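The values are calculated or read from the model by the stated rules, or taken from the named source; none is laboratory data. Given the structure is predicted, the values throughout are model-derived calculations rather than measurements. In this analysis, Cβ positions are derived from the backbone assuming ideal geometry, glycine residues included, and neighbour counts consider all displayed protein chains. When the accessible area is computed, the model is the full protein with side chains, heavy atoms only, and any ligands, DNA or RNA have been set aside. Shrake-Rupley method; radii C 1.70, N 1.55, O 1.52, S 1.80 Å.
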Amino acid sequence: MTTFVDRVELHVAAGSGGHGCASVHREKFKPLGGPDGGNGGRGGDVILVVDQSVTTLLDYHHSPHRKATSGKPGEGGNRSGKDGQDLVLPVPNGTVVHDKAGNVLADLVGHGTTYVAAEGGRGGLGNAALSSARRKAPGFALLGVPGGLQDIVLELKTVADVALVGFPSAGKSSLISVLSAAKPKIADYPFTTLVPNLGVVTAGSTVYTIADVPGLIPGASQGKGLGLEFLRHVERCEVLVHVLDTATLESERDPISDLDMIEEELKQYGGLGNRPRLVVLNKIDVPDGKELAEMVRPDLEARGYRVFEVSAVAHTGLKELSFALADVVAKARAAKPQEEDTRVVIRPKAVDDAGFTVVQEEDGLFRVRGEKPERWVRQTDFSNDEAVGYLADRLNRLGVEASLMKAGARSGDGVAIGPEDNAVVFDWEPTVMAGAEMLGRRGEDHRFEAPRPAVTRRRDKQAERDDSEKEFDDFEPFEG
């Protein structure tokens with residue numbers, strides 16, 4: 001059963017925001033208590049976090065669909081809904097996040113590094129939050145925004161300082177087992193190693209990690225054998241070590257041809273030409289292997305390689321190799337540019353940036369794109385005329401109607417707000433300004449301005465008494 005997975009496709013869904021509540025406060029002797037609808041809770045995010053204790057993507061291979069919880073809707077009595085809980089997904093160090101098109105979204109290196117794969121939806125405002133001096137009693141609330149959806153590809157690239165590359169059964173697993181405390185599977189048949197193995201080596205004051213990459217064969221960069229599947233684990237390594245078998249039983253192979261073949265595959269894969277190389281002639285404990293190592297060493301050194309003759313079985317030459325690798329790793333680390341602290345960059349909005357665009361498409365449809373208009377449309381309950389009117393007011397204040405007129409839109413033309421696959425389409429009618437002052441403003445409740453019945457009756461009776469007293473005062477008695 002597979003226990004190591006280094007590439008998975010993950011479908012993540014953030015939580016949706018809770019709907020706002022449209023409610024009116026009700027209390028004895030207070031018939032018009034005012035709006036008291038609470039806001040909806042925010043949906044939870046889906047967050048990828050690097051965890052050093054995680055070494056494989058196996059969990060996501062078996063469960064590729066992950067969803068955060070949604071926010072709760074608001075309630076009356078000014079009670080806001082509970083926020084959704086974020087879904088935190090631990091990933092191994094060195095995980096690269098791609099989209100379906102292959103674009104890199106994030107490179108997660110370092111314990112605790114995070115990436116928000118899907119953002120939770122915003123909760124809708126209740127009618128209490130929508131009330132104002134102009135709109136005293138809104139009869140509607142805003143809907144919650146749906147959570148983000150994304151299909152991503154997680155690809156693990158092992159973070160190690162040294163990579164051991166070579167043919168199957170060249171002795172890479174044996175070498176890493178004696179250099180470090182790693183215990184990979186070792187056997188006398190090809191492709192024993194099916195997954196990369198990591199080990200930690202201490203040489204003097206230098207501590208470095210070493211990776212055993214599964215064996216390469218001719219055509220590995222084109223997908224033959226296991227090479228292409230695991231060549232990505234070599235990309236982050238600072239040093240490449242060619243492990244050459246000097247005691248192979250295959251007559252058509254020799255250390256020089258093995259080295260040339262592996263170098264050709266690394267060249268075909270690309271991006272590894274500037275890495276320092278060392279050559280290890282392994283299995284010199286075998287008499288024929290010792291003779292072959294002494295024979296090919298001058299040729300390898302003439303090519304500029306540092307060559308080490310070792311035996312993983314007899315523990316010969318390991319100390320020299322370990323300290324040589326530590327020296328190369330230390331130099332590579334020193335040559336790296338020092339990482340600077342992340343700076344907070346503030347990019348102010350451009351003066352001429354309206355926050356939306358209006359484009360007329362070939363079929364005559366006018367399409368409006370922008371973060372605010374699209375979010376406002378998703379938050380609108382189109383079954384409520386007052387909510388639709390509120391949306392029209394917001395779009396008008398943002399300048400959408402003016403832009404539509406400037407683009408040549410006329411009454412009755414089709415207007416779409418949002419992308420092609422998820423847009424709201426309607427026939428546009430410009431806002432009528434003439435005579436609007438004769439109508440009540442949207443969201444107003446004139447009952448708040450009208451006196452209560454008992455007060456009206458008292459005032460009417462008082463007015464009648466005042467009129468009677470006035471008539472009596474104006475009466476002049478008749479004098480005969």
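Quick one: what pairs do we get from the range 288-305, first residue in contact (Cβ under 8 Å) with a residue 12 or more places away in the chain and over 15 Å from Asp258 (Cα atoms), second part of a helix (DSSP H, G or I) and polar (S, T, N, Q), C-beta under 8 Å, 6+ apart or different chains?
Close Cβ pairs satisfying both conditions: none exist.
Is at least one residue of the range 228-244 among the β-branched types (Val, Ile, Thr), surrounded by fewer than 19 Cβ atoms within 10 Å (Cβ to Cβ), touching an Asp or Glu at 6+ places or on another chain (Cβ under 8 Å) and touching a residue at least 60 places away in the same chain (Cβ under 8 Å)?
Checked the range 228-244: no residue is among the β-branched types (Val, Ile, Thr), surrounded by fewer than 19 Cβ atoms within 10 Å (Cβ to Cβ), touching an Asp or Glu at 6+ places or on another chain (Cβ under 8 Å) and touching a residue at least 60 places away in the same chain (Cβ under 8 Å).
With the requirement that a residue be in contact with a Gly (Cβ under 8 Å, 6 or more places away or on another chain) and open to solvent by 20 Å² or more (accessible area, probe 1.4 Å), what does the range 24-41 give you? Can you show your working first?
Residues of the range 24-41 that are in contact with a Gly (Cβ under 8 Å, 6 or more places away or on another chain), as a first pass: 24-27, 35-41.
The answer is Val24, His25, Arg26, Glu27, Pro35, Asn39.
Considering each of Gly144, Gly77, Gly123 in turn, give the residue that is in a loop (DSSP other than H, G, I, E, B) and surrounded by fewer than 18 Cβ atoms within 10 Å (Cβ to Cβ).
Only one candidate passes the filter, namely Gly77.
If a residue must be more than 27 Å from Gly41 (Cα to Cα) and of a type in the set (Gly, Ala, Ser), how many such residues does the range 64-111 contain?
Number of matching residues: 5.
Can you tell me how many residues in the range 265-296 are assigned to a helix (DSSP H, G or I), over 48 Å from the mean Cα position of the chain (by Cα) and either among the small types (Gly, Ala, Ser) or surrounded by fewer than 18 Cβ atoms within 10 Å (Cβ to Cβ) (or both)?
7
Considering only the range 80-111, how many residues are open to solvent by less than 80 Å² (accessible area, probe 1.4 Å), closer than 19 Å to Asp59 by Cβ and in a loop (DSSP other than H, G, I, E, B)?
Residues that pass the stated criteria total 4.
Given the conditions (1) open to solvent by 30 Å² or more (accessible area, probe 1.4 Å); (2) among the hydrophobic types (A, V, I, L, M, F, W, C); (3) touching a residue at least 40 places away in the same chain (Cβ under 8 Å), which single one is not true for Ala13?
(1)
One residue is enough: does the range 315-329 have a residue meeting the conditions touching a helix residue (DSSP H, G or I) at 6+ places or on another chain (Cβ under 9 Å), part of a strand (DSSP E or B) and of a type in the set (Val, Ile, Thr)? Explain how you work it out, then say what you get.
Residues of the range 315-329 touching a helix residue (DSSP H, G or I) at 6+ places or on another chain (Cβ under 9 Å): 315, 318, 321-322, 325.
When the remaining residues are screened for being part of a strand (DSSP E or B), the result is none.
No, every residue in the range 315-329 fails to be touching a helix residue (DSSP H, G or I) at 6+ places or on another chain (Cβ under 9 Å), part of a strand (DSSP E or B) and of a type in the set (Val, Ile, Thr).
It is to be established whether one or more residues within the range 42-59 are open to solvent by less than 10 Å² (accessible area, probe 1.4 Å), touching a helix residue (DSSP H, G or I) at 6+ places or on another chain (Cβ under 7 Å), in contact (Cβ under 8 Å) with a residue 60 or more places away in the chain and not acidic (Asp, Glu).
In the first step, residues of the range 42-59 are kept if they are open to solvent by less than 10 Å² (accessible area, probe 1.4 Å); the result is 43-44, 46, 48, 50, 57.
Filter once more, keeping what is touching a helix residue (DSSP H, G or I) at 6+ places or on another chain (Cβ under 7 Å): none.
The answer is no, given that none of the residues of the range 42-59 is open to solvent by less than 10 Å² (accessible area, probe 1.4 Å), touching a helix residue (DSSP H, G or I) at 6+ places or on another chain (Cβ under 7 Å), in contact (Cβ under 8 Å) with a residue 60 or more places away in the chain and not acidic (Asp, Glu).
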